[in-house]
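Please treat every number below as a calculation from the coordinates, not as lab data. The model shown is predicted, which means the values in this text are computed figures rather than measured ones. No Cβ is skipped: glycine too gets one built from the backbone with ideal geometry, and neighbour counts run over all protein chains shown.
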Amino acid sequence: MAQAREIDPRPWYLLSPALLAIALLVVVPMSFILVYSFYENIDLGLDAPAFQFGNWRELLTDGYYHDAIWKTFRLSAIVTVLAAVLGYVPAYFIANTRFRHKWLLLLLLILPFWVSFIIRTLSWIHIMGNQGAINGLLLWLGVIDEPLPMMFNEFAVIVGFIHVFLPYMILNVYVSLEGIDRNLEPAARTLGCTPWQAFLEVTLPLSLPGLAAGCLLVFVLTAGSYVTPLILGGPDDFLFGNLIYDAVLSELNWPMGATLSFALLVLLGVVVVVYSRFMRLNQLSKAFG
Amino acid sequence: MKIDSTKRYEVLRERLGNGDVDRRTFFRLLGFAGMAAGVSGGVMTGLSRRALAAGTELHFEGWGGVVSEALRKHAFDPYEKKTGNTVIDATFGGEAEVLTKVRAAGSTDGHNILHSSGVSWYKRWVDAGYGTELNLANIPNVDNVMDSIMAPFRAITPDSLSAVPYDYGTTGIAYNTEHVSREQAEKLGADLLLAKELKGKIGGWGGDWANRAWYGALQSGQDPNDIEDWDAVWDKVREHRSLVLKYWSSGAELMDLLAKGEIWVTEAWSGRVAALQAQGHPIGYLDPKNGLAWMESMFVLKGSPMAEAEELLNFMLDPQTAIAVAEGQKYPPSLDPQKVAMTPVIEKLPAYDPTGKLAGLVFRDPDKWNPVEKQQRKAWNRIKKGA
Amino acid sequence: MRAWGWIRAYAVAVYVFMFAPVAVVLLLAFNSSQFSGFPIEGFSLRWFRRLFENEAIMRAFETSFSLGLLTAACATTLGILASLALVRYRFRGKDWITALLISPVLVPETVLAVGLLIFLRWLSMPRSFLLLLLGHTMIALPFVVLVVQARLVGIRRDYEEAARSLGASPLETFWQITLPLLMPAVFAGALFAFTISFDNITATIFWRPAGTETVPTQIFGMLRNSVSPEINALGFVMIVVTVGVPLAAGALARYFARRRQ
């Protein structure tokens, strides 16, 4: 495998179909969008071809957009961390259970997706609303006298996001845990590790690639959403995606929408590149461990 | 933590063995699942009657749900039977979406007739060069349409029409009668949306800047069709925002919030409230003085086969069709009650005007509203987010 | 083991959380009241009857189902090939290639959709089912790549090298060793791809050819009026079909396997 250092055409053969698809369906369309970001919006739905930096200047100088970016990154980080904490244990359970039909457990995770996203999201009102299941139970038990306000705030948005994105986390961690040699943990135990130590020293590091992939996915997906805050959030809950939605579909201002989209693409792209650099280091240390 | 090579080889063989079995089972499972899917798919194909494309195709886009069901049953099917043409009906999320598609594609291919909302959109479509000139002689049923509802459209295109008005409604105030009395609602009018004691129980439509501004104008004591002080309007909107639990963005959401008692007061679409009342929910409806009325039209886009489109519009304006659609969507039809007998259901709909004059309703004046739209819409989108 | 008991309880709690909204939907499918809400007023099957009489939604179901299957096949194939290259070979610019492959999730779908439409205009190509398929494949691709990659990293090359040293060709090695070991990831990736295609609405609205409706776009139309209980009934049918069909298939497979022995 040492000769693989020279330019090896094989990976490029393997990559070419996917890269071709991405190039045609994402890169080319996004370059059209980039061109659009220099256009000028004259009136609703009316743009003039131009080469001017007005839209970019507005993005860079207007605090309104900066606040939204900060809000987006903050919320995405919260959702990612919570999803990792909530998702790791079930993934570990699925990977290690003696239950024979693991695929059924996996399928069950995906099932909620089969009910339309909008319906699923709206149904949180049945659960956390004033007349919802939780408040109904607590009132009945006499724990509270007044329904707890749980809907239409940041908490509800976070719950909604976690519900939608948790399966991505669990499945990613699971596939990685499933690949770990079953003999390793017992081996560590015979060397005198406690179960907890064995987990920390062996299983956790080996499952990091999956955890990392899951975190990246959840972060990026949250940062690009707009529907969940629209349905579950109050007036103060919005993400950068909502600004893009407003610009494109409400203000019919394509040039500004294009500018905002391209900015989001670049921001998240940087996150991905930095992140995958960082994770590469992790994998190296794992390979020598 | 090294495993010696013998052990590793054993693990490998074991893995291989397991993997092989797994794969075989997996493929067999896949095969059976495929068979099952194939059978059920075949059955379903057999069940669903497929329209054979013959004659001209007309693309209709509307709001879906009961409206398209009624149109399909009472207008499209008889039309297809009589003419041999095909109507392909689809659902849109709003006209902005259609405009986006048409602009991106650079042509109106695949878009013929739209269930267009409001005179403002009529003006926007015409101004953007997507209008047509209907030959009303081919649409005899248009004679039954109220003159009062035709007038605003004629004002925009005096020489011809690119659409026929189809229904109308109001955006008034809905209130939960268990928490807000009728007297209180009528006394406060538009200011009911600013009642401090209802903080956290108030909603609002987040999707339309002009609706928001209309109520801001009412609350700041201005004529909504002649706003002079926009700052005062937006100040009232900010005051409203501080009390709002939720800005809703669809009819489904509006009904859900009201029905579950999450909000007690909100502005609301008359037809949606009528639907809630028909369900037995304790929701009252109030059109405040100078409340907002609007009309919807069937807009024919440039590049459509005109004769066929006109014939279809005539079918849709047939009293039987129009009344069935109106009963379904709970918005009164554009037909003149003085010329066409209405059903008791229609007569009880909110916003319904038995005189056919629509004198009590105030519509948005597009000449006043469209020029400021770009700037004020942006203002609203920011205020909505707390800016 | 005490710890395992905790892990199981934790996992069950997470499953309960995942299913809470679905359970609500399923329960309300049997609610006789038009307005879905608690408490349930009475038991009724009428929404199921309405659902099966609703031709448009059955047709939409058919479209969504075949679109989902095709998307899963395409995205999984492309995703496995790309992941193999990323994990098994060294080359320059790998980070950037990874970012590029993930890029479809980085762009809001509305924008991606509009950009692609502008491109199509430039090519003067009309919207078609193929466009929908390509678009969905692209949206699903990042998920498959991430899942498969995470799994591939965990598969030790020793296995593949051992097979090679025993005389297997690279292709044989892939079919005999790598793919079977990869199967959980392939399965997960295909499931993701199918699901993402099946649940996609934003991009679908822009890409679908005239007259084509998928289940989400059809539901979207029904939502304008209210959350119709027919939609809950549809959710119920979907879940029964998706759990029931594989379960039945599994039972059949086991039955035949037993008979053969």
Give me the percent relative contact order of the range B:295-363, please, defined on Cα pairs under 8 angstrom at least 6 residues apart.
23
One would report the Cα pair-distance distribution of the protein assembly as shown, bin width 10 Å, in %, as 2, 11, 20, 24, 20, 12, 6, 3, 1, 0
Shielding by partners for C:57-68, please: the mean number of other protein chain Cβ atoms within 10 Å of each residue's Cβ.
2
Pairs of Cα atoms under 8 Å, at least six residues apart: use those to get the relative contact order of the range B:247-387, whole percent.
23
Within 10 Å of each Cβ of B:363-376, how many other protein chain Cβ atoms are there on average?
1
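Can you order the peptides C:43-51, C:135-143, B:307-315, B:140-148 by their average number of other Cβ atoms within 10 Å per residue, highest first?
Numbers: C:43-51: 15.0, C:135-143: 26.9, B:307-315: 20.8, B:140-148: 17.2.
The most tightly packed comes first, giving C:135-143, B:307-315, B:140-148, C:43-51.
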Hey, if you drop one equal point scatterer on each alpha-carbon of the range B:69-111 and run the Debye formula without solvent, what base-10 log of I(q)/I(0) do you get at q = 0.25, 0.32 Å⁻¹?
-0.85, -1.03
Among B:374, B:330, B:357, rank each residue by its count of other Cβ atoms within 10 Å, from fewest to most, as a rough exposure measure.
B:357, B:374, B:330
With θ set to phi - 60° and the Karplus curve 6.51 cos²θ - 1.76 cosθ + 1.60, what are the ³J(HN,Hα) couplings of the range C:111-116 in order, to the nearest whole Hz, using x for Gly and Pro?
5, 4, 5, 5, x, 5
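Would you list A:39, B:331 from fewest to most Cβ contacts within 10 Å?
Placing the least packed residue first, the sequence is A:39, B:331.
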Per 10 Å bin, what is the whole-percent P(r) computed from every C-alpha pair distance within the range C:55-234?
9, 31, 29, 18, 10, 3, 0
Kindly rank B:293-300, B:247-254 from highest to lowest mean number of other beta carbons found within 10 Å of each residue.
B:293-300, B:247-254
What list do you get for C:121, C:151, B:154 if you sort them by fewest beta carbons within 10 Å?
B:154, C:121, C:151
Using amide H atoms built in the peptide plane, which far-off residues or other-chain residues are under 5 Å from residue B:266 H to H?
B:174, B:203
Between residue B:143 and residue A:13, with labels modelled 7 Å along Cα→Cβ, what's the label distance in nm to one decimal, could you check?
7.7
Using the Karplus curve 6.51 cos²θ - 1.76 cosθ + 1.60 with θ = phi - 60°, what ³J(HN,Hα) values do you get for each residue of the range B:67-83, in whole Hz, with x for Gly and Pro?
5, 6, 4, 5, 5, 4, 6, 9, 10, 5, 4, x, 5, 4, 5, 6, 9
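Report Rg(Cα)/(2.2 N^0.38 Å) for chain B, keeping two decimals. Intermediate values should be presented prior to the final figure.
Details: Rg = 26.8 Å, N = 387, 2.2 N^0.38 = 21.2 Å.
For chain B, the normalised Cα radius of gyration is 1.27.
Listed here are the pairs B:378/C:94; B:357/B:385; B:348/B:378; B:123/B:260; A:71/B:260; which of them are more than 32 Å apart at the Cα? Could the numbers behind the result be given before it?
Details: B:378/C:94 42 Å; B:357/B:385 40 Å; B:348/B:378 38 Å; B:123/B:260 38 Å; A:71/B:260 30 Å.
Over 32 Å apart, Cα to Cα: B:378/C:94; B:357/B:385; B:348/B:378; B:123/B:260.
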Enumerate the aspartates and glutamates that residue B:82 could reach by cross-link, defined here as Cα to Cα under 17 Å, with residues fewer than 8 away along the same chain left out.
B:57, B:308, B:310, B:311, B:318
Relative contact order (percent, whole number), chain B, Cα cutoff 8 Å, 6+ residue spacing
25
Where a ≥ b ≥ c are the square roots of the eigenvalues of the C-alpha gyration tensor, would you call chain A rounded, which needs a/c under 1.5, or, failing that, prolate if a/b is larger than b/c, or oblate?
oblate
Whole-Hz Karplus ³J(HN,Hα) for the range A:254-269, in order, using 6.51 cos²θ - 1.76 cosθ + 1.60 and θ = phi - 60°, x for Gly and Pro?
4, x, 5, x, 5, 4, 4, 4, 5, 4, 4, 4, 5, 4, 5, x
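With a length cut of 24 Å (Cα positions projected on each helix's long axis) and a Kyte-Doolittle mean of at least -1.0, go through chain B and give me the DSSP H helices that pass.
On the way: long enough: B:5-47 (61 Å, -0.07); B:366-384 (25 Å, -2.11).
Sorted by number, the helices that extend far enough and score high enough are B:5-47.
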Which entries of B:289/B:374; B:236/B:384; B:199/B:236 show an alpha-carbon separation above 18 angstrom in the structure shown?
B:289/B:374
Apply 1/(1 + (r/R0)^6) to the Cβ-Cβ distance of residue A:40 and residue A:137, taking R0 = 45 Å, and write down the FRET efficiency to the nearest 0.05.
0.20
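What average count of beta carbons from other chains do you get within 10 Å of the Cβ of residues in B:259-269?
Values: counts 7, 11, 5, 8, 2, 0, 0, 0, 0, 0, 0.
That average works out to 3.
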Peptides A:121-128, B:191-198: what's the order by average Cβ count within 10 Å, highest mean first?
A:121-128, B:191-198
Applying the gyration tensor rule to the Cα atoms of the range A:56-210 (axes a ≥ b ≥ c; rounded if a/c under 1.5, else prolate if a/b exceeds b/c, else oblate), the class is oblate
Would you pull out the residues with amide H under 5 Å of residue B:88's amide H, same chain only if 5 or more places away, H placed 1.01 Å from N?
B:58, B:59, B:60
If amide hydrogens are placed 1.01 Å from N in the peptide plane, which non-local residues have theirs closer than 5 Å to the one on residue A:40?
A:48, A:50
What FRET efficiency would be calculated for the residue pair residue C:50, residue B:82, taking the C-beta separation as r and a Förster radius of 35 Å, to the nearest 0.05?
0.80
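So what are the range A:135-214's ellipsoid semi-axes, whole angstrom, largest first, if each one is the square root of 5 times an eigenvalue of the alpha-carbon gyration tensor?
40, 19, 9
Can you compute the FRET efficiency between residue A:182 and residue A:66 using 1/(1 + (r/R0)^6), with r the Cβ-Cβ distance and R0 = 60 Å? Round to the nearest 0.05.
0.75
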